[in-house]
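**Student:** Just passing along the structure, written as structure tokens.
The values are calculated or read from the model by the stated rules, or taken from the named source; none is laboratory data. Predicted model only: the values in this text are computed from it and were never measured. For neighbour counting, all protein chains shown are included, and Cβ atoms are generated from backbone atoms with ideal geometry for every residue, glycine included.
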Amino acid sequence: MFHSNVIAVLAVGVALLAGPARGQDVAHGPGADPVLQGLIDEALTHNRQLEAARQALVAAEARPTQTGSRPGPTAGIFYQNDGVSPSLGREQMTMLGVSGGQDIPYPGKLAARRRVAESDAGMAALDLKRAQLSLVASVKRSYYSLLLARRLADLAREQGEAWEEVQETARARHASAVGSQQEMLRAQVEATRGHALHAQHHAEARARLAQLNGLLGRAADTPVESPAPLAVAPNERSADEWVAWSETHSPELKAAVLAVERDERGVSLARLESKPDFNVQGGLMYRGSLPPMWQVSGSIMLPSRARARSALAEAEARLAASRARLEDLRVQLRSVIEQRLALLAGIEQIEATYRDGLLPQGQLAVESAVARYAAGQGLQVGVLDAVVTQLDDQTDYLRLLATHAADRARLEEVSLEPPMGLESLLMHGRSGMSGGSSPPPASGAPSPMETATTSRSRTEMR
């Protein structure tokens, strides 16, 4: 009687654990999830940080016209009196006049300043592109974290329910002097742990839901469906193809190229800044009954040679730094892509090992332990250990799927953030599904302008 109850309860656990081994969690890739695509579309429409980046681009695109325009003219009115008493019309030097003037930059300066400002506007466009890529990746990571937390919460709840049944059976066996107190206490501990883990993962799921809704600009408790299972997306590109694709789509790399162009224009501008500017002025004076007077004058504004030489040296040094930074970014991007591809390949191999090896083998171990226990040839502790090990492997498997999905999102984000190490992948489930459901998504990547021009200041524009 007691044996059959235990077998029935553990059979439920075996069926629960058998799902991933049959491929349930690898039905299709993340890109096939219509719920996720809908969340991404909504985030791209309503995210306020992305809207701020759009408005920053509008502001940057308005700067070239301002920078490349001539200074406004000056106008004035004056009265000059000869003597103490008003003498307009009687004294030759008494006059009422109007004047005007115009600064004229050296030919080519305004166009050079406009080109530099256009490069800055181009960087603002890349900032917007980075914000879009990072937002999409953040939505994906938050969604996958929500899926993981919900799957772990379900697993912990069903684990707790199964252990409660085992606990009742162990208590009855102990009361009948058939089972040991150790069996009863172990079942009680595992049932309590299952409830605690369910509460933990349920809270994690609520936090991830609030995080996801925050990215979409809506109320934190807005429900989000998660019908799709976690999955390993197939890799359609080779390593060289991924590197080429990343170099084409990386906002940071494009910004570094644009920074070189911008600083080349800055050098040309610095050379022009050593040239003089001009000023013309004119005036018309009214003298009452006396004939009117007028005047025209011109002046040259000579630059400081020491200042001009220093500005040119600074611009050339910034150009050299931008070129070095561009080469460094190319190397860094390739390195990060290779690291992430190695991580994803490792996860795919480990996932296959779990799906086709550990989980089916663990299921057989549970079934064998249950059969031995039912035949009176084994202890209940052996059954409990087999079930706990299988639950730990199930937890590790779910985390592997979530980690693969999150790092695939970073790969598509063209993120320069290095991936986690392979040695940390299987350190989650070794003590009864301890720990949080997943590390929080990283904060947004730095903007391309920050990455490409960290130490670059703008050339002074007059």
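**Student:** Only one residue in 119, 145 is within 24 Å of residue 407 (Cα to Cα) and in contact (Cβ under 8 Å) with a residue 40 or more places away in the chain, so which one is that?
**Tutor:** After applying the criteria, what remains is 145.
**Student:** Quick test of your reading of the structure: residue 236 fulfils all but one of (1) loosely packed, with under 15 Cβ neighbours inside 10 Å; (2) touching a Pro at 6+ places or on another chain (Cβ under 8 Å). Name the failing condition by number.
**Tutor:** Every listed condition holds for residue 236 apart from (2).
**Student:** Please verify whether region 273-281 includes one or more residues that are assigned to a helix (DSSP H, G or I) and either free of Cβ contacts under 8 Å to residues at least 40 places away in the same chain or not acidic (Asp, Glu) (or both).
**Tutor:** No, every residue in region 273-281 fails to be assigned to a helix (DSSP H, G or I) and either free of Cβ contacts under 8 Å to residues at least 40 places away in the same chain or not acidic (Asp, Glu) (or both).
**Student:** Any idea which residue in region 325-370 is surrounded by the fewest Cβ atoms within 10 Å (Cβ to Cβ), counting only those that are without any contact (Cβ under 8 Å) to a residue 24 or more places away in the chain and closer than 20 Å to residue 390 by Cα?
**Tutor:** 349
**Student:** Please verify whether residue 389 is under 20 Å from residue 190 (Cβ atoms), of a type in the set (Val, Ile, Thr), buried (at least 16 other Cβ atoms within 10 Å of the Cβ) and within 39 Å of the chain's Cα centre (by Cα), treating the condition exactly as stated.
**Tutor:** Spelling it out, residue 389 is indeed under 20 Å from residue 190 (Cβ atoms), of a type in the set (Val, Ile, Thr), buried (at least 16 other Cβ atoms within 10 Å of the Cβ) and within 39 Å of the chain's Cα centre (by Cα).
**Student:** While we're looking at this one, here's another question. Pull out all pairs, ordered by first then second residue, where Cβ-Cβ is under 8 Å, the residues are six or more apart or on different chains, the first lies in region 86-102 and is under 26 Å from residue 298 (Cβ atoms) and in contact (Cβ under 8 Å) with a residue 60 or more places away in the chain, and the second is charged (D, E, K, R) and surrounded by 13 or more Cβ atoms within 10 Å (Cβ to Cβ).
**Tutor:** Within 8 Å, the pairs are 92/82; 92/287; 95/287; 96/287.
**Student:** Here's something else I'd like to know. Based on what the data block shows, is residue 375 farther than 30 Å from residue 232 by Cα, aliphatic (A, V, I, L, M), modelled with pLDDT of 95 or more and out of contact with any helix residue (DSSP H, G or I) (no Cβ under 8 Å at 6 or more places or on another chain)?
**Tutor:** no
**Student:** Look at residue 230 and say whether it is in contact with a Leu (Cβ under 7 Å, 6 or more places away or on another chain), within 30 Å of residue 132 (Cβ to Cβ) and in a loop (DSSP other than H, G, I, E, B).
**Tutor:** yes
**Student:** Does residue 77 satisfy the condition of being surrounded by fewer than 17 Cβ atoms within 10 Å (Cβ to Cβ) and in contact with a Phe, Trp or Tyr (Cβ under 6 Å, 6 or more places away or on another chain)?
**Tutor:** In short, no.
**Student:** Another question, if that's okay. When region 45-86 is examined, which residues are found to be closer than 25 Å to residue 282 by Cβ and of a type in the set (S, T, N, Q)?
**Tutor:** Residues satisfying the conditions are 69, 74, 80, 81.
**Student:** If the requirement is being surrounded by fewer than 20 Cβ atoms within 10 Å (Cβ to Cβ) and part of a helix (DSSP H, G or I), which of these qualifies: 171, 141?
**Tutor:** One residue alone meets the criteria, 171.
**Student:** So, residue 115, is that one surrounded by fewer than 18 Cβ atoms within 10 Å (Cβ to Cβ) and either out of contact with any Gly (no Cβ under 8 Å at 6 or more places or on another chain) or assigned to a helix (DSSP H, G or I) (or both) or not?
**Tutor:** In short, no.
**Student:** Follow-up question, since we're still on this one. For region 206-223, which positions are buried (at least 21 other Cβ atoms within 10 Å of the Cβ) and hydrophobic (A, V, I, L, M, F, W, C)?
**Tutor:** Those that are buried (at least 21 other Cβ atoms within 10 Å of the Cβ) and hydrophobic (A, V, I, L, M, F, W, C): 209, 212, 215, 216.
**Student:** I've got another one for you. Given the criterion in a loop (DSSP other than H, G, I, E, B), at negative phi and among the β-branched types (Val, Ile, Thr), identify the matching residue among 35, 84.
**Tutor:** Of 35, 84, the one residue that is in a loop (DSSP other than H, G, I, E, B), at negative phi and among the β-branched types (Val, Ile, Thr) is 84.
**Student:** Also, quick follow-up: Kindly list the number of the only condition in (1) of a type outside the set (A, V, I, L, M, F, W, C); (2) in a loop (DSSP other than H, G, I, E, B); (3) under 29 Å from residue 347 (Cα atoms) that fails for residue 193.
**Tutor:** Condition (2) is where residue 193 drops out.
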